[in-house]
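The values are calculated or read from the model by the stated rules, or taken from the named source; none is laboratory data. Predicted model, so just to flag it, every value in this text is computed and none were measured. As a convention, Cβ positions derive from the backbone with ideal geometry for all residues, glycine included, and neighbour counts pool all protein chains shown. Keep in mind that these areas ignore ligands, DNA and RNA; they rest on the heavy atoms of the full protein, side chains included. Shrake-Rupley method; radii C 1.70, N 1.55, O 1.52, S 1.80 Å.
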Amino acid sequence: MSDPRITSSIFTRGAVDLSALRSTAPANTRPSTPTQAGPSAGLPGGPATGGGGLAVIDLTEATLQAEVLERSLTTPVVVFFGAAGYPESDEFAPVLERLAAEDAGAWVLARVDVQENPRIAQMFQIQAIPTVYAVVGGRPIDAFPGVVPEPQLRQWIATVLKAGGVAVAEPEDPRLDEADDALMSGDLDAAERAYKKILAESPADAAAEAGLAQVGVARRVAGVDPQAAVAAAQAAPDDVEAQLLAADIEVLSGLAEQAYARLVSLVRRTTGDDREKVRQHLVSLFTIAGPDDPAVASARRALASALF
């Protein structure tokens, strides 16, 4: 399954130059109004839609400049390359169309039937059906072949909208809600399974990574007397296991900076396997807070100083 990411786009390698497409359309072509776009004969899904804002259009060579290049100067355009009779294309097109209609003109879905418009497919260097492109400001910014799960697709569209300067509310992910509920209820096995499933589908999901790290902390402190554990760590400053447990308790108690300092200090006093174990444990605690946390940024600098 493909994993669309703005930062790993084929366009960053200069694979496609949309400026060359301007010569394919008449100079007086302008973006259509909602009532001018019609259904594509070859693609699955419903007709092009309008309403509060244009949602779905069908591309031809004659309308490519206006509907992609010019329209994307003001509204992000997602270009879908598909063909009737291809199962993945038939299944994925209606999903994109539904999301475009839900967003009511925040972005436009431009459909291309590669069987009816082979030259457009050639211009975009299409190698798989379906393939989805994002065009913002007159230039392509990302693409992915194949299909992705709807939650991942929503995240990708949100990233495209942000690149186009559109204010985007972070979409709720029911998978995360389910995992978080399991964690809060103490069902650590269910929470772990749910977070791992999310990460299998979206490997870079920071919220799922943080949740999985919290599951690890919760397991390690289960049945532990917090006061006794911290006291034991204070009495044995070079006991690696005691220090790791005390750091876990401090993080759960809202004393993350104290926990980070404890483990950075331990990194300075240890070597070999013990030092690596402490480092990995500290990095796992960083995951809970996230990379943008100022305390994490400060502790990472301290850790780097301790290691090097």
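Entry comment: accessible area of segment 62-102 is 35 Å² per residue, from protein heavy atoms only and a probe of 1.4 Å. Packing-based ranking of 83-95, 110-122 yields 110-122, 83-95, ordered from highest to lowest mean Cβ neighbour count within 10 Å. Remark: spin-label model distance Arg301-Ala104 equals 4.6 nm, labels positioned 7 Å along the Cα→Cβ axis. The alpha carbons of segment 179-224 occupy a box of 33, 14, 12 Å along the principal axes, longest dimension given first.
Charge dipole (Cα centre; +1 on Lys/Arg Cβ, -1 on Asp/Glu Cβ; no other charges) of segment 140-246 amounts to roughly 240 debye. So, in nm, how far is label Leu199 from label Phe308 when the simple model puts each one 7 Å beyond its Cα toward the Cβ? My value for the distance between the label points is 2.6 nm.
With the full set of protein chains in place, find how many percent of the accessible area of segment 205-290 is carbon and sulfur; take the probe as 1.4 Å.
Exposed carbon and sulfur together represent 52 percent of the surface.
Can you tell me how segment 241-308 classifies by the Cα gyration tensor, rounded, prolate or oblate, using a/c under 1.5 as the rounded cut? Oblate. Kirkwood radius for segment 68-110, taken over all pairs of different Cα atoms as the inverse mean of 1/r, rounds to 11.1 Å. Remark on Val56: its backbone amide H falls under 5 Å from those of Thr49, Leu109, a criterion applied only to residues 5 or more positions apart or on other chains, H modelled at 1.01 Å from N.
Residues of segment 116-243: accessible area per residue at 1.4 Å, in Å²?
51
Note on segment 166-288: the alpha carbon radius of gyration divided by the globular reference 2.2 N^0.38 Å gives 1.18. Set the Förster radius R0 to 41 Å, insert the Cβ-Cβ distance between Asp274 and Gln127 as r into 1/(1 + (r/R0)^6), and round the FRET efficiency to 0.05. After rounding, the FRET efficiency stands at 0.25. The fraction of accessible area contributed by carbon and sulfur in segment 92-175 is 52 percent, rounded to a whole number (1.4 Å probe; ligands and nucleic acids excluded).
Across segment 58-173, C-alpha contacts under 8 Å between residues 6 or more apart give a mean separation that, scaled by the residue count, equals a relative contact order of 32 percent.
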